[in-house]
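A.B. asks: Quick one: the structure is below, and I'll ask about it shortly.
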Amino acid sequence: MTLVLDPEKIISQAERLGASEAEVYIVKSREYSVKAQRDAITEAEVHETLKLGVRVAVSKRIGGAGGIIATMDDVESIIGKAISIAKTAPPDEKWPGFNPRIGVAPVKPEIYDETTAGIDTGFLIGLLVKQLGIVREAENVHVAEAGIGVDVSETIYANSHGGPVSEKATLFSYGYELKRGGEEKGTYYDYIVKTRLEEDKVYSLTRKGVEKVIDASRAEAIGSFNGDIILGQEEAASIVAIMLAPAVSAEQVQKGRSPLRGKLGEDILSRAITVVDDPFLSWEPGSSAFDDEGHPTMKKNIFESGVLKTYLYDYYTASVEGKESTGNADRRAPWSKPSPGPTNLVVEVEDSKSSIDELIAGIEKGVLVERTIGSWMSNPISGQVNMTISFGYLVEKGSIAKPVKGLVVADDFYEALKDRFLGAGGQRECFSGVCTPSIAWTGIRFAGKD
Amino acid sequence: MENVKDLVSKALDEALKLGAEFADARIQSYEYELITYDNGSLREHSYNRRAGVGFRVIYQGAVAYSSTTNLSREALLEAVQRAFSSAKALSSHPGEKVKLAEYPAVKAVARSHFVVDPFQVGEEKLEIAKVVNQEALQVKGVVSAITRMGFQRDKRIIVNSEGLEVTVDVVFSGLLQASVAKSEKGLEYASDYDSRVAGFEYIRDTDWVEMAREVSRLAVTASKAEVPKGGSYDVILEPRMVGLLLHEAFGHASEGDLVTTGASILEGLKGRKVASELVTIIDDGLVSGGYYVPYDDEGVEKKKVYVVDKGILNNYLTDRASAAKLGQQPTGNGRVMSFQNPVIVRQTNYYMEPGDYRIEEILEDVDYGIYATSKGAKGGQVDPGMGTFTFSAGVSWLVEKGKITKPLRGVNLSGQILDVLSKIDAVGRDFEVETSVFGGCGKSGQLVRVGTGGPHVRVRGLSVGGR
């Protein structure tokens, strides 16, 4: 990449053109990926991208523009566009300015790995070929699709009050969809996203898939019943992120779109549950020493023994309440207005059972959920969880009875995790920055094939 | 972009000189503008753009992609060489080799119709969004309202080493309203949107205030409504819900790349009965109310494809690679999100043909069921290999003895792909296709604009989540 952007020059230019304040967000990235289909490597991709976001204030009128940049002309046109948008905007009377406290946290999280940064297409091909080999050894199991990739990036932030701050990160991802043929047909997918390559995890994920796809192919659609639900770590992580991330955002709270509005200090979850926002976890994708407006990040308990302790703030929402930012500014894109969001979420459960088997042992009838579809359609405003179990295990009298599929679940998330919480089990595992053991609650209506 | 096209053509020649059997490129210039009014104030007004070229090179059956945002001759040559090197590295590994179905070297230019360029309109759009947002907040019981106005211009030129040159230029505009209401039962929301392949004249000529008020009234109704009891229900789906059902329950499984990789449950079922004979499903790039896809991102003309004809699986959707594997003609469904992404098979506008039933006739034969409507629906998802799909409804209604009785919220529906279309026993005579400038369909990390729709239909026995 030949073009080098100087954030301070961009800010100066915006100020010369009439901005009273400006902020610049730059992401440089290089991505390598390789894809396989039907047991064979089929495609490779290489991309280099430079993204720029510029937001400006003209008095209290705000505008933002950005995009993928190729030339200095692009940069100038983006600055001009941001200013022209700001000039037509109505004033934001609550505008506190851009974040004045720019800096990095005293703890520097491990998110950049030299070895991972040095990976090229040839290495990825070799590693993926080995995974295809593992699957080939299994009878009647095929790789429908698989992908492996590395992203090496640098994020830079500066505004009229300070900076720049910058951070390099690596990101490794591997995922697959395995298919079992023959009489019992089924598929199983899994993936891993970390900020460095951990080869042993790649191999163990492939071996796990080869075992799981056999059970998935035997899954039966069953009738409706009432029972307990045990969410495996991955599905538990997904639901926690979907329901809590918007609900604890100070912006959603202030705008009246969170069921947790006005509930600071109240018992919300079971007393056994603590939820931590932790930007310093090693090799997790949510880790960073500064947030998306250059504010230092910090670790905090959002729920402590079930009690809601804090919402998450960026500089704007904190200023509205006369508070300090919690270092949780998050941007959808470099040119977007930030809003508060979690870094990594860690779910800690008191007296969590050491294994999933121990947790299941206490269940009379229920489902251990391995895979769902549609959990992202849950409703964080009303607090209703929705999911369709595409693969799970029916649990009867404390042990696994058979694989099942096609059960629809709807429940009240807060009522379930406060009044009907049964406990947790198994090791805490992290999925895309959300770390949790398996969790269980009772009183579920599983709607199935009647 | 015309100058770039010549440089790109030379880069494709270079790929052939290096030994590639085929190369193509997608040149894209994309702009998007978003205005968000939130609780009476402008939350965000932003603009973004991207421009660049993505290359695909095939060498001895191995495929590689690379892209660049630098449009100089040197950078384009470097990008195509990078793709060639990757393809060459891949080619030494054993496995099925990629071939493309034959397609003529078409030369075509297609531009969607618009009158007023939305990117040249100033304060008027802010004023409209503000008024709509304020009116949505006036409805008693509403505690929050978001109004989004979005505009997109997406110009793509597809060039390949066989001499094909196709330009598609689309202008797209829309507005979305989401309102949250509070009652003694808690918070609930409703939402609605309308988008058209059109310019700012569409925004000017539509009564958004009435739409926003209706959304707010529905949010209030929803906040007081019950969640259904979980179980199996007869369900009447309004056209937008039929679109969601088809897209999730059948559309993805009919995508040729999933069929050829073995990831679709529809593999091997061509010519077999997969639905009630009342069901005919079409994928069409040019339909009123839908997105504009006259050519796909391989430059293949998008044909009107009868995927299911009177209950029989008639055709899979294909790009050139999956068409070759399946021994079909390419159907014009090879699409990308941006110049940086690989071509995969995607639906365009996927809909059900109307039938004969009046809506009253569809309702009158339901003893106890649900009328599922879309205002607040979030979308859907399918696991095409396991055959399970799900989709959410917006504010919906309980149907008792053929009459709509009371509102329901939190309605989520699910079923099995090969089962559900056989359970359709009434297809309405009405028809609507819709699309959205705020979202689309996600697959393999790529979001593309799609349209969906159909008439009202009745499905016997869908699983509904509840307490």
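Read-outs throughout are calculated quantities, based only on the coordinates presented, and are distinct from any laboratory measurement. Treat the numbers as computed from the prediction; the structure is a model and nothing was measured. Glycine gets a Cβ as well: all are built from the backbone with ideal geometry, and neighbour counts include every protein chain shown.
A.B. asks: Loop only by DSSP, 15 or fewer other Cβ within 10 Å of the Cβ. Give me the GluC sites (Glu not before Pro) in the range B:237-304 that pass, ordered by residue number.
C.D. replies: Answer by residue number: B:E277.
A.B. asks: Here is a follow-up. Give me the inter-chain shielding for A:142-149: mean count of other chain Cβ atoms within 10 Å, whole number please.
C.D. replies: 3
A.B. asks: In deg cm²/dmol and to the nearest 500, what is the mean residue ellipticity at 222 nm of chain B if only DSSP H runs of at least 4 residues count, each as -39500 (n - 2.57), divided by the residue total?
C.D. replies: After summing the helix terms and dividing by the residues of chain B, the value is -6500 deg cm²/dmol.
A.B. asks: Another question about this same structure. Given the -39500 (n - 2.57) contribution per DSSP H run of 4+ residues, what per-residue ellipticity at 222 nm results for chain A, rounded to the nearest 500 deg cm²/dmol?
C.D. replies: So the helix-based figure for chain A works out to -7000 deg cm²/dmol.
A.B. asks: Give the angle, between 0 and 90 degrees and rounded to the nearest 10, that separates the Cα long axis of helix B:73-91 from the longest principal axis of the Cα atoms of chain B.
C.D. replies: 90 degrees
A.B. asks: Ranking A:T442, B:T260 by Cβ neighbours within 10 Å, fewest first, what do you get?
C.D. replies: Fewest-to-most Cβ neighbours within 10 Å comes out as A:T442, B:T260.
A.B. asks: Right, something else. Using modelled amide H (1.01 Å from N, peptide plane; none on Pro or chain starts), what sits under 5 Å from the amide H of B:R43, excluding residues fewer than 5 places away?
C.D. replies: Sorted by chain and number, the residues that satisfy this are B:T36, B:Y37, B:D38.
A.B. asks: If you don't mind, another one. With label points built 7 Å along Cα→Cβ from the Cα atoms of B:L447 and A:R271, find their separation and express it in nm.
C.D. replies: Once both label points are built, they end up 4.4 nm from each other.
A.B. asks: Moving on. With each label point set 7 Å from Cα along the Cα-Cβ vector, what nm distance links A:D120 and A:F225?
C.D. replies: 5.7 nm
A.B. asks: Mind listing which GluC sites (Glu not before Pro) in the range A:1-43 are in a DSSP loop and have 10 or fewer other Cβ atoms within 10 Å?
C.D. replies: none
A.B. asks: What ranking of B:F119, A:F280 emerges when the number of other C-beta atoms within 10 Å of each C-beta is taken as an exposure proxy, fewest first?
C.D. replies: Ascending Cβ contact count within 10 Å gives the list B:F119, A:F280.
A.B. asks: Mind checking the mean number of beta-carbon atoms from other chains within 10 Å of the Cβ atoms in B:371-381?
C.D. replies: 2
A.B. asks: At 7 Å along the Cα-to-beta-carbon direction for both A:K263 and A:E396, put a label point, then send me their distance in nm to one decimal.
C.D. replies: 3.7 nm
A.B. asks: Give the relative contact order (percent, whole number) for the range B:2-223; include only Cα pairs under 8 Å separated by 6+ residues.
C.D. replies: The value is 22 percent.
A.B. asks: Something else: Answer rounded, prolate or oblate for chain A, using the Cα gyration tensor with square roots of eigenvalues a ≥ b ≥ c: rounded when a/c is under 1.5, else prolate when a/b is larger than b/c, else oblate.
C.D. replies: Here chain A falls in the oblate category.
A.B. asks: Classify the range A:7-215: rounded, prolate or oblate, from the alpha-carbon gyration tensor (a ≥ b ≥ c, eigenvalue square roots; a/c under 1.5 rounded; otherwise prolate if a/b is larger than b/c)?
C.D. replies: It is prolate, given that a/c is not under 1.5 and a/b is the larger ratio.
A.B. asks: Additional query: Short version: ³J(HN,Hα) in whole Hz for each residue of the range B:425-440, in order, from phi by Karplus 6.51 cos²θ - 1.76 cosθ + 1.60 (θ = phi - 60°), x for Gly and Pro, what are they?
C.D. replies: 10, 7, 10, x, 9, 7, 6, 8, 10, 9, 9, 9, 7, 9, x, x
A.B. asks: Taking 4 °C and 1.567 mPa s as the conditions, I'd like the Stokes-Einstein D for the protein assembly as shown in µm²/s, using the Kirkwood hydrodynamic radius from alpha carbon pairs.
C.D. replies: 46 µm²/s
A.B. asks: Would you mind checking which residues have amide H under 5 Å from B:S374's amide H? H placed 1.01 Å from N; only 5 or more apart, or other chain.
C.D. replies: B:G394
A.B. asks: Can you tally the lysine pairs in the range A:1-121 where the Cα-Cα distance is under 21 Å and the two residues are eight or more apart, or on different chains?
C.D. replies: 9
A.B. asks: Pull up all non-local amide H partners of B:G451: gap of 5 or more, or a different chain, and H-to-H distance under 5 Å with H placed in the peptide plane.
C.D. replies: B:Y291, B:N349, B:Y350
A.B. asks: Follow-up question, since we're still on this one. Between B:Q134 and B:D205, what FRET efficiency follows from the Cβ-Cβ distance if R0 is 30 Å, with the result rounded to 0.05?
C.D. replies: 0.90
A.B. asks: Turning to a different aspect of this structure: Using Cα-Cα distances under 8 Å and only pairs 6 or more residues apart, what relative contact order does chain B have, in percent?
C.D. replies: Relative contact order comes out at 16 percent.
A.B. asks: Would you mind checking the range A:185-205 for residues with the amide N under 18 Å from a putative spin-label position 7 Å along Cα→C-beta of A:E137?
C.D. replies: A:199-205
A.B. asks: While we're here: Roughly how large, in nm² to one decimal, is the mean projection of the convex hull of the alpha-carbon atoms in the range A:103-186?
C.D. replies: 8.4 nm²
A.B. asks: Report, as an integer, the average count of C-beta atoms from other chains found within 10 Å of each Cβ along B:171-180.
C.D. replies: 1
A.B. asks: Normalising by the residue count of the range B:231-464, find the relative contact order in percent from Cα pairs under 8 Å and 6+ residues apart.
C.D. replies: 30 percent
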